[in-house]
Amino acid sequence: MHAVIVGCGRVGAELAQALENRRYTVSIIDKDANAFEQRVLPGFSGKKLVGVGFDQEILEQAGIEDSEIFASVTRGDNTNIVSARIAKEHYNVPNVAALIYDPRRAQMYERLGISTVATVAWATDQILARVLPSVQSVEWTIGSGEVVVVGFPSPQSFIGRPVEDLRDPAKARVVALTRFGDTKIPDLKTIIQEGDIIHLAVARSALPEMEERLGFNLTGQVGSAE
């Protein structure tokens, strides 16, 4: 199995090593030849190519025509999305992802079928969930937004009750629980404590119902699927 990565910064280098550790062959493309010396981890045996991620000649040298995975993780949104679209639409790579710093653009490209990681929005939500525990945060959207994962402090009415009390078949279930900075997948019998951060996967259509059960608003933090 083969993967092509555009961008040899911290993310690209770590991603390349992680894929190689999983027995993928990997090619990395970066416009700066010095990036390979600065970032690629010792022992990396993949191909390193100097160029831009939307140059089809460079992409073909990187083996994109035989790749299963393509990820563009440079510092530029435009480079990442153009490269990702070429990989998906021209070369039909089955698994394509792009790093996007502007969360509004990330939502738009998700609708085009390109998986995006919106770093600014994700980091903002994570920090808010830790420094302002009264603020609910959207941690992830799944598919085209039919399901979202939200993080929120333990509701007063659920403290002392088991995690399974938050579960609603086909509508909502707890996927993780953070306690004292340590995040784990809880047992259904785990008792909810004050100060816990609960990570709940919820069907978007069920958000109003879950808001009523929890006693606070979630919808205001979740963008429209339209």
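Coordinate-derived values only; no laboratory data. Given the structure is predicted, the values throughout are model-derived calculations rather than measurements. A quick note on method: Cβ atoms are made from the backbone with ideal geometry, for glycine too, and the neighbour counts reach across all protein chains shown.
Before moving on, here are some points about what is shown:
- Residues M1, M210, sorted so that the one with the fewest Cβ neighbours within 10 Å comes first: M1, M210
- Theoretical gain in end-to-end length, V175 to R23 [0.36 nm per residue, Cα-Cα removed]: 51.8 nm
- Reachable lysines from K47, criterion Cα separation under 18 angstrom, eight or more residues apart if same chain: K31
- Residue-count net charge about F36 - beta-carbon cut-off 12 Å; Lys, Arg +1, Asp, Glu -1: +1
- Exposure proxy order (Cβ contacts within 10 Å, fewest to most) of D32, D55: D32, D55
- Note on T25, T79: ascending count of other Cβ atoms within 10 Å places them as T25, T79, the fewest first.
- Around V11: net Lys/Arg minus Asp/Glu count, Cβ-Cβ under 10 Å: +2
- Between the beta carbons of W140 and E68, assuming R0 = 30 Å, the FRET efficiency works out to 0.85 to the nearest 0.05.
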